[in-house]
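Contents: one structure, followed by commentary.
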Amino acid sequence: MERKTMRKAIHSPLLALALVLVLAGTVLATAANSGFHAAIVSRGTLSDSVHYNTGAVKFQTKGSVNFVNATVTFDPLGSSGWHSHPGVVLVTVASGSVVAYDEHCVGTPHTAGTASSAFTESGDEPGLVRNESTTTTEVSNVTYIVPAGTTAVRIDRAAPSCTLP
């Protein structure tokens, strides 16, 4: 009997620790995107490296890249979930509006037909885009510029330690 009690005493803390780790991982993981719909329209490969510097625009690749064009739709209160990209993303809000949050939970609104209707995403830091309207669907045109052969243009990320408004 003493042996069973000792075994229970050892297993209970181990089980508790395992549950804590599983639940903590669930809390720290990114909230799944919801009300977020992406449809790839076209995909092409630019095989040669290019370097352009034409006044206010500089564009350079260091090898083959894919251009992936998509239409992204956010339902009312839809969210991309926390994510990053393996390259550069060019976004134009075609209708409605979204708020793009950075890794510090600082939001920047982007509304169709305004000077802030376009934005970019890039880098390893997580970001989240959210349609904060309760009634209006948002539509964006998106161009991903990623290394050739990249299959996933989005990388799910853990939520940062900040709190969204």
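Values computed for the structure shown
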{"read-out": "Output for the stretch 53-76, where each listed residue is aromatic (Phe, Trp, Tyr) and over 16 Å from the mean Cα position of the chain (by Cα)", "value": "59, 67"}
{"read-out": "Residue 121 vs. criteria within 14 Å of the chain's Cα centre (by Cα) and not basic (Lys, Arg)", "value": "yes"}
{"read-out": "The listed residue being within 23 Å of residue 68 (Cα to Cα) and without any contact (Cβ under 8 Å) to a residue 40 or more places away in the chain, out of 100, 94, 115", "value": "100"}
{"read-out": "Index of the failed condition, residue 77 passing every other in (1) under 24 Å from residue 162 (Cα atoms); (2) surrounded by 15 or more Cβ atoms within 10 Å (Cβ to Cβ); (3) of a type in the set (A, V, I, L, M); (4) touching a residue at least 40 places away in the same chain (Cβ under 8 Å)", "value": "(2)"}
{"read-out": "Which listed residue is surrounded by 10 or more Cβ atoms within 10 Å (Cβ to Cβ), closer than 21 Å to residue 152 by Cβ and modelled with pLDDT under 95, from 24, 16, 38, 31", "value": "31"}
{"read-out": "Residue 152, sole failed condition from (1) under 25 Å from residue 43 (Cα atoms); (2) of a type outside the set (Ser, Thr, Tyr); (3) surrounded by 14 or more Cβ atoms within 10 Å (Cβ to Cβ)", "value": "(3)"}
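Listed here are the residues, each with its yes/no results for (1) small (Gly, Ala, Ser); (2) under 18 Å from residue 76 (Cα atoms).
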| site | (1), (2) |
| --- | --- |
| 125 | no, no |
| 135 | no, yes |
| 143 | no, no |
| 158 | yes, no |
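The values are calculated or read from the model by the stated rules, or taken from the named source; none is laboratory data. Quantities reported herein were computed from a predicted structural model and do not represent experimental measurements. Cβ atoms come from the backbone with ideal geometry, glycine included; neighbour counts cover every protein chain shown.
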